[in-house]
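The values are calculated or read from the model by the stated rules, or taken from the named source; none is laboratory data. Note that the structure is a prediction, hence the values are computed from the model and not measured. Cβ placement follows ideal geometry from the backbone for every residue including glycine, while neighbour counts extend to all protein chains displayed. These area figures cover heavy atoms from the full protein model, side chains too; ligands, DNA and RNA do not enter into them. Shrake-Rupley method; radii C 1.70, N 1.55, O 1.52, S 1.80 Å.
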Amino acid sequence: QPENLQKNWLREFYQVVHAHKPHFMALHCQEFGGKNYEASMSHVDKFVKELLSSDAMKDYNRARVYLDENYKSQEHFTALGSFYFLHESLKNIYQFDFKAKKYKKVTGKEIYSDTLESTPMLEKEKFPQDYFPECKWSRKGFIRTRWCITDCAFDLVNIHLFHDASNLIAWETSPSVYSGIRHKALGYVLDRIIDQRFEKVSYFMFGDFNFRLDAKAVVETLCAKATMQTIRAADTNEVVKLIFRESDNDRKVMLQLEKKLFDYFNQDVFRDNNGTALLEFDRELSVFKDRLYELDISFPPSYPYSEDSSQGRQYMNTRCPAWCDRILMSHSAKELILKSENDEKIVIYDHIGPNVCMGDHKPVFLSFRIAAGAGKPIANVHKCCVVQ
């Protein structure tokens, strides 16, 4: 239902823009065009036009839009989209040219699509096929841009990591095999963005990291007093379904688990108090604690929400709800974010459209202030934005 969904999605998005009035805004999108690219790309064009011309965005007089729409290129296609909006009050914004290795002043509104491989203002890479061999044509990868605002340089990385292909396989080991694949891919991106080719700067990473709760530990906790029944395929003897029943209470079914079914009898556990009780099972980021920082999560799992437009808070029974969508940062980026000088809450990490259908993922946002010159030692304050 793209027409209906886009209207709701944009309304919720504009409300957040209006509430926080950002001067510099990055919007990172994924799976552009959905699963059926050829039929759906026209909706992408409408979405972009609406964003760039809407009344809600009229004070943003400069924009850069990068859309990876080249779906015929199996080698390069990531289906990622990155939008950057600059408020008219902001002066002297520069974007890095990775080929020329220098910053260029940002003026006007520009859209780049189809093939981004020739655009020097970003780095884009798709993960090698052997990272996730069971997915014949994965679109996972990253897009990186670099910016300089008020003498503060930073990278913005739009990243999409690998999903859990089967709930049953995810349940087998702790951590799961899929967690290991995401670990490898995220490590690859981190090594790539801090390699020796360019000056090191602070970085923020946005995206669908596909981080999942430790499935084995979650099931053991949710079904601690249940008995498990295993159902196998008659021809192959392969496990196709697990049924967890209460030991008493008429053997009531608590959880049914299949490759693409996670049907738990009480969804409130994922919503109550924003699912905080389950955060202890969100363990994938801990491997990177020396390299990445995240603000405390105070919103419910961002995936998988029902795509029924009348079910804004309901999860689908396909996967265990998890905080897939995140905004992470380097430890140096954490230092950039202005600390509140009074009790006013300046840094906000939250989700958009809590009660409205936004698709199967709820967008997540981070709003903060950066101090002028915060990214550089005093001696080098103007160095990052020397433009040739």
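One table, with the values for the structure above:
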{"item": "Pairs with Cβ under 7 Å, 6+ apart, first in region 217-244 and under 20 Å from Ser174 (Cβ atoms), second surrounded by 15 or more Cβ atoms within 10 Å (Cβ to Cβ) and basic (Lys, Arg)", "result": "Ala226/Arg245"}
{"item": "Odd one out for Asn4, checked against (1) loosely packed, with under 12 Cβ neighbours inside 10 Å; (2) assigned to a strand (DSSP E or B)", "result": "(2)"}
{"item": "The one condition in (1) on the phi > 0 side of the Ramachandran plot; (2) modelled with pLDDT of 95 or more that Asp114 fails to fulfil", "result": "(2)"}
{"item": "Out of Ala170, Ala153, Ala100, sole residue that is over 17 Å from the mean Cα position of the chain (by Cα), at pLDDT 95 or above and over 30 Å from Glu258 (Cβ atoms)", "result": "Ala100"}
{"item": "Phe85 at pLDDT 90 or above, hydrophobic (A, V, I, L, M, F, W, C), part of a strand (DSSP E or B) and more than 30 Å from Ser42 (Cβ to Cβ)", "result": "no"}
{"item": "Top-ranked residue in region 216-233 [being out of contact with any Leu (no Cβ under 9 Å at 6 or more places or on another chain) and open to solvent by 30 Å² or more (accessible area, probe 1.4 Å); ranked as nearest to Lys99 (Cα to Cα)]", "result": "Lys216"}
{"item": "Selected residue (criterion: least open to solvent (accessible area, probe 1.4 Å)) from residues of region 170-198 that are assigned to a helix (DSSP H, G or I) and acidic (Asp, Glu)", "result": "Asp191"}
{"item": "Evaluation of Arg62 against (1) more than 20 Å from the chain's Cα centre (by Cα); (2) closer than 29 Å to Ile93 by Cβ; (3) in a helix (DSSP H, G or I) (one fails), failing number", "result": "(3)"}
{"item": "Meets criteria (farther than 24 Å from Gly312 by Cβ and of a type outside the set (S, T, N, Q)) for Ala39", "result": "yes"}
{"item": "In region 34-76, residue modelled with the highest pLDDT [restricted to those that are among the charged types (D, E, K, R) and open to solvent by less than 20 Å² (accessible area, probe 1.4 Å)]", "result": "Arg64"}
{"item": "Filtered residues of region 216-250 (kept if touching a Lys or Arg at 6+ places or on another chain (Cβ under 7 Å) and over 28 Å from Ser306 (Cα atoms))", "result": "Thr227, Glu238, Ser247"}
{"item": "Breaking point among (1) open to solvent by 70 Å² or more (accessible area, probe 1.4 Å); (2) under 24 Å from the mean Cα position of the chain (by Cα); (3) β-branched (Val, Ile, Thr), for Thr236", "result": "(2)"}
{"item": "Selected residue (criterion: surrounded by the fewest Cβ atoms within 10 Å (Cβ to Cβ)) from residues of region 118-157 that are in a loop (DSSP other than H, G, I, E, B) and of a type in the set (Phe, Trp, Tyr)", "result": "Trp137"}
{"item": "Close pairs (9 angstrom Cβ cut-off, 6 or more residues apart or separate chains): within 11 Å of Ile327 (Cα to Cα) and aromatic (Phe, Trp, Tyr) in region 284-300, open to solvent by 30 Å² or more (accessible area, probe 1.4 Å) and not in a loop (DSSP other than H, G, I, E, B) anywhere", "result": "Tyr293/His331; Tyr293/Lys334"}
{"item": "Residues located in region 82-101, provided they are over 18 Å from Phe198 (Cβ atoms), without any contact (Cβ under 8 Å) to a residue 60 or more places away in the chain and either open to solvent by less than 50 Å² (accessible area, probe 1.4 Å) or aliphatic (A, V, I, L, M) (or both)", "result": "Phe83"}
{"item": "Residue match in region 102-117 (condition: more than 23 Å from Phe204 (Cα to Cα), in contact with a Gly (Cβ under 7 Å, 6 or more places away or on another chain) and surrounded by fewer than 21 Cβ atoms within 10 Å (Cβ to Cβ))", "result": "no"}
{"item": "Test: residue in region 200-208 that is under 27 Å from the mean Cα position of the chain (by Cα), open to solvent by 50 Å² or more (accessible area, probe 1.4 Å) and more than 21 Å from Val177 (Cβ to Cβ)", "result": "yes"}
{"item": "Verdict on Glu12 being open to solvent by less than 60 Å² (accessible area, probe 1.4 Å), more than 19 Å from Tyr112 (Cα to Cα) and of a type in the set (D, E, K, R)", "result": "yes"}
